[in-house]
Each structure stands twice: as C-alpha cells, then as structure tokens.
Amino acid sequence: MIEKQLRIPNRLGLHARPAALLVKVAARFQSDIFISKDDQIINGKSIMGVMTLAAEYKSILSFKISGEDEEDAMRAIEELFARKFDED
Amino acid sequence: MQKAYKHRLQGIPASPGIAIGKVHLLSGGIIKIEDRDIHQEDVEKEVEKFVTAIQQAKQDLEALCNHANQKLGENGKIFDVHQMLLDDQIIIQQTIELIRSEKKNADLIFFQQMTKYQKKLEQLKDNYLRERAADIVDVKRRVIRHIQGKHHNYLSTLPEPRIIVARDLTPSDTILLDRRKVLAFATEFGGRTSHAAIMARALEIPSVLGLEHLTDLVKQKDRIIVDGNRGEVIIDPSTELLEEYHRLQSEYYDFERKLNYVRELPSRTLDGKDIELSANLEFPDEIESVISHGARGIGLYRTEYLFLARDELPSEDEQFEAYRSVAEKIYPNSVIIRTADLGGDKSPLALQIPEEDNPFLGWRAIRICLKETSMFKAQLRAILRASLAGNVKIMFPMITCIEELNQCLDLLAEAKQELSTNGQAFNPNIEVGTMIEVPSAAIMTSVIASKVDFLSIGTNDLIQYTLAADRGNERIAYLYENFPPAVIRLIKQIVDNGHRKGVWVGMCGEMASDPRAILILIGLGLDELSVSPIALPAIKHIIRSIRYSEAAKIAQKVMQMETALDIRDYIEAIMNEKFEDLPFI
C-alpha cells in the first residue's frame, strides 16, 4: 500500500474537468485508489466521489493506493498534479 | 356542431409567421417515484431495466454532445460531465447491489443514491461545485425517465418537425435546437425581447410567448396553430379553422416572397437619404440568413454564445477563429463585434457569478469584463487579430459612465500593445463604438461620443431601465408594447448629441426590427438600423417607400405626443394608409 499527500495546484480547484481527468487516470489501474480529505473518504475511480470532495485550491488530498500496479498508479497521479491538470 | 377549437389563447407575438403542427411539450415537470416491493424472481429484470436505462441515457448524451459539437465546435463540453456520471461504476454497482438487497424498484433506488450525492454537493461552499448539483439532477432525471419509459425530451432527436411548447426556453436550451425539427415556439414566460423571442427570430420561426397556463392546456402531440403575427395559439382546431390557417400561411409566404425584390436594392428613401441597413447575428450559422435577406453588414454580432453552455472560458484562438470566419463571410461589408454581455440570464459557469438579487442591475456585461481583465483582453486581442480578415469594428455593451469607457479604451490599447510586442498584426485604425442602453449613458451622450467612432442604441435594455420594467415579465409587457414617449424623446436626444460630436448613431435593439417604428426612427435621424434578418425585407421596403422629409415631419409630430397610445394610433393610421397592400406589416 502506498500513502501520499498531494496539494491541489489549480486556481479553480478540482472542478469538473480536472476531476474527470483524475478519475480517467485512476481507472487505468487495477489497484484500489482511495482519496480522503478531512474526514471524508471516497473511491478515486468515481467521478461523483471526487466531485463531492470539493477540493479547492491548495487543499490537501490523502491518497491510499493498494494493488499490483500501485506504484505506477501513484506515479501517474503525481504527474497529473505536477502538470496542474493541464490548466494554465 | 363541432367546436372550432379546444382553446384559443392570446399571447405576445414574438416572431412572425404561421405554424401548424403537433406539439412537443418540454416538461421540466415533476417526476413521480413510487416505492414498490419487487418479488425475488423479478429482481434481475429490475436490474436489467436500470442497466438499459443507463445505456439509453448515454446514447442521448452522445447525440446531444455531437449536436452541440457541430453547432458550437468545442463548446459542448458541459455534457462531458454528464457522460462521466453515467460511467461512474461505483454509482452503478451500488445501485445494482441495493436493488438486489432491498428488492425495490430501480427508479427509487437510483433516485435515493443520486439525491444523496446531490445534497452533498448542494451544501458545498464553492459556487462552481454547487452548480454541479444541477448536473446530477439532470442525469438523475434523464435516467429515471428512461427507467419509467417516458418520452425523452431532446430537441435534437425529434422524429419529425414539431412545435415546441414549454414554460420557458433558456439560452442554454435554445443553443442546441435543430431548426429543421422545430416549427415554432410557444411559451408561458417571456416577451418580445426575451431570449426565446430573439432566438425564434434568428431561427426564422413563428413564436408566441407569454401564454399563461399553456403547458397545463396542451398534451404531447396535440395539433396546434401558432400565429406569430397576431400572437395567438389555437389548440386542437377544427378542420375548417385548419383550412383557414393553411390559407393564411400561404398568404404569408407570398408576402415574404414579394418582399424579396428588395434584396439587391439600396436602402434609400425616395428623396435620396441612405439608411445603413444591417443585421443582428446571434450565432455564426445564421450568417447565410443575414446575407440572403440582403443585409449590408452586421450591426451587432453577439459573442455570448462562445461563453455559455460550457465549463471553461473560450480561448483567444477559438474566439479569433469565430470572429475571423464571420468577418470573411460578410466582407466587404462590416461586422460590429460586441464584447461579451454576460450576467443576468447569460451566466457562464467558469466565471462563478454569484447569485444576485437584481442581476439586471448588478454585476454584468462590461462590469464583469473590467474586473476579469485577462478574459476581456483575450477577447479584445481575438477581435483585433480578426480585424485583418475583413471590416471589423468593436462595440462595448452597457457602458454607464465615462470612467467605464475610459477603462475599456485603456485595456484596448494594452491589448494592441501586447499584440505588437508579439509580432501579431491587426488594423490599428479599427473603429470603436459603444452601446447606449442605460439612461446615464444617454444623458452623457456628448461626453461619450467625443471618445468613440459610433454609437448604437440598445432599445431592449434602454426601455427596460428607463421605464423600470423587466423585459422578461409578461405581466408588464404592455408598458413597452408600443412607443413610450419617454423613449422616443430619449432617442432623439442621443441622436442629436451624437451627431453634434460627429459620430454616426445606429440602433440594434428590437425596436429597429419593428416595421411600425421605422418612420419615427428615420425621422429622428438614425443613420443605421441593425435588425433581425427576417424583418429586413419589410423594413427596406418601407424605407424605399417614404421620403425622409415626410418621416422627419412625422417624427416631429410624435415628439409632441404625450401618451404611447396616441403615438400608436397615429402611426398605425399612417401605416395602414401607406402600406395597405402589405397586410402583414
């Protein structure tokens, strides 16, 4: 299992488009991907779940990834954050 | 004896012509969900019903998405979120499991699940994410309708052309219309200058608005007549009445054909005064209509559609493509591009415009642009770049004071500088104008005119603000159905003050498209009229049938009148006399 915290880099937060991107990336991997913020935990492969997190700019998300391809999954997600979800 | 009709309703005539056809009722209506126990042996069937409904909903969205893409290019993005919601395996699996464990009907379970999420979103502080709750509602209803086997409501998937009946039609609704399938609109809300009216005229279909209780009185597929000339809707007409209206309909087509002769002729009065006659453009694909109706240029190119029904703001390049294309098609005639007039009922998601108590008196149009300067400058740069492709002019909406205009001009100068630094060319002498649509601007016309090349009077908003009457409120539409003397006098003031400063003064509001107003407007000295393309032939015909000197005398007389009714009666008498061969004017 990999646990890591990532900070939201987008000015508009995790609105529909980046949420959709995140879910698309997560869906590529077999591992279970859970994301929590404050006391909420949601499944990272669910667009509904990600939207209800309401992750605004600079908020911190905790990722818990476990499965065979957990390392690849974590890396792909980190990359997405580093690219600021392709915004500005 | 057979009754001639089931109901005959009087509303506001919003777009001319006569349509006869079957109703397609847009129900924003209430969905009823029952709570039913399902027998063990029927549970899998219920699961299947649910899965099929999801598939059907996805197909709907694909069609909508394709349609939106065709019409708007990249702009159909908003439907992506809906598609993702329908792909959300967690929701789907949870619903299926609950149908099996609780043994309840699929629509109930799905409703409960989605509502849970919807409520979570509705409680968020973030405006933008709260808006997503609306998406969830949309998807929820769409799937439930399929589970329940109800009609789906897409305007793009109608089997045959229909008359659209609804409580109201929003800008987002109308963006997706397939005009080949829509014969007419009839709605409960709205008036001559509401968005649905403007859309109907742009689509060249008859429309009657402000019909109280309409949606209670019609059923899906009822036969109705929509008379956009008289503002009447007849539900379930008798055979005789149908015949009479078919006859009226072909008379109206004849009338339109007759007027076609003016297409290539100049818009000039009998005593040689030229009036520039251009057209209003709501969507770029209306440009064929603009050209085919004989417009000299586009007096108002509304750019809001680029900002609506999508998640993000349009990029500079995307805007440049749109503006360039219109400029090229209308060349050598000019196109006046109006910068974004957003807010009120035209609210893009990306801007997170907060809910206001008085949106028409609030943060809108140029006020938004002067705050969101990078968005505004992107638009200005796009317009400037497009200025090389044709004869392009810029116009600012809703200017209320000289400070706002000065800021706009400063930002325009900055945009020019940015392009130059980047080695991008544009027309340095691009003409700049502003709309006069707010009383304070009308009062300050001389000051404003000294800083611009032209003025365009926006009567829709000007009348609204001057008379303190909401243009979307059918209950008080009577206040500006005719020609309020206050507005006539204000127009004269604007024209005279503009001329004193050497600028031309035009009009792009709906009043310019009203044939009855032309004599007055010409007589008051307006240099240009920008009208809806379908109104153009009749208006050119009127201009060519009168002398400017007569029009001036008529305007003088009207300036002395004190009530709207006096003005209306006076004008109607003159029109009836002069144009008795044209019954539909």
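The values are calculated or read from the model by the stated rules, or taken from the named source; none is laboratory data. If you're wondering where the values come from, they're calculated on a predicted model, not measured in any experiment. Please note: Cβ atoms are built from the backbone with ideal geometry, for glycine as well, and neighbour counts cover all protein chains shown.
Of the residues making up segment B:199-234, those that are of a type in the set (Lys, Arg) and surrounded by fewer than 24 Cβ atoms within 10 Å (Cβ to Cβ) are B:Lys219, B:Lys221, B:Arg223, B:Arg230. Being surrounded by 15 or more Cβ atoms within 10 Å (Cβ to Cβ) and either in contact with a Cys (Cβ under 6 Å, 6 or more places away or on another chain) or at pLDDT 90 or above (or both) is a description that does not apply to B:Arg247. Filtered by the rule that a residue be in contact with a helix residue (DSSP H, G or I) (Cβ under 8 Å, 6 or more places away or on another chain) and assigned to a helix (DSSP H, G or I), segment B:409-429 gives B:Leu411, B:Leu412, B:Glu414, B:Ala415, B:Lys416, B:Glu418, B:Leu419.
Quick grid of which residues meet (1) modelled with pLDDT of 95 or more; (2) of a type outside the set (A, V, I, L, M):
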site	(1), (2)
B:Gln493	yes, yes
B:Asp496	yes, yes
B:Met507	yes, no
B:Glu528	yes, yes
B:Ser532	no, yes
B:Lys540	no, yes
B:Lys557	yes, yes
B:Gln560	yes, yes
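When the residues of segment B:286-334 are filtered to those that are in a helix (DSSP H, G or I) and of a type in the set (Phe, Trp, Tyr), the one that is farthest from B:Leu388 (Cα to Cα) is B:Tyr305. Count of segment B:282-310 residues, restricted to those that are within 14 Å of chain A (Cβ to nearest Cβ) and either of a type in the set (Lys, Arg) or surrounded by fewer than 21 Cβ atoms within 10 Å (Cβ to Cβ) (or both), is 1. For segment A:7-24, the count of residues that are closer than 24 Å to B:Gln93 by Cβ, within 12 Å of another protein chain (Cβ to nearest Cβ) and among the basic types (Lys, Arg) is at least one.
Please work out which residue is farthest from A:Ile8 (Cα to Cα), limiting yourself to segment A:45-69 and to residues that are crowded, with 19+ Cβ neighbours inside 10 Å and more than 10 Å from chain B (Cβ to nearest Cβ). Residue satisfying both the conditions and the ranking: A:Ile65. Of all residues in segment A:2-32, those satisfying the criterion of being part of a loop (DSSP other than H, G, I, E, B) and either among the small types (Gly, Ala, Ser) or under 10 Å from the mean Cα position of the chain (by Cα) (or both) are A:Ile8, A:Gly13, A:Leu14, A:Ser31. Of everything in segment B:531-564 that is in a helix (DSSP H, G or I) and among the polar types (S, T, N, Q), the residue that is nearest to B:Thr269 (Cα to Cα) is B:Ser545.
Taken over segment A:15-44, the criterion of being surrounded by fewer than 22 Cβ atoms within 10 Å (Cβ to Cβ), closer than 20 Å to A:Lys84 by Cβ and at pLDDT 90 or above is satisfied by A:Val25, A:Arg28, A:Lys37.
Per the listing B:Ser374, B:Ser292, the residue uniquely within 30 Å of B:Arg268 (Cβ to Cβ) and at pLDDT below 95 is B:Ser292. Reported count of residues in segment B:331-361, each being among the small types (Gly, Ala, Ser) and modelled with pLDDT of 85 or more, is 2. The residue that is farthest from the other protein chains (Cβ to nearest Cβ), among those in segment A:72-88 that are in contact with a strand residue (DSSP E or B) (Cβ under 7 Å, 6 or more places away or on another chain) and over 30 Å from B:Ser315 (Cα atoms), is A:Met74. One residue stands out in segment B:348-386 among those that are of a type in the set (S, T, N, Q) and surrounded by fewer than 23 Cβ atoms within 10 Å (Cβ to Cβ): the one that is farthest from the other protein chains (Cβ to nearest Cβ), namely B:Asn358. Return a yes/no flag: does segment B:438-453 have any residue that is closer than 23 Å to B:Ile330 by Cβ and not assigned by TED's automatic domain parsing to the domain that holds B:Ala365. Yes, some residue in segment B:438-453 is closer than 23 Å to B:Ile330 by Cβ and not assigned by TED's automatic domain parsing to the domain that holds B:Ala365.
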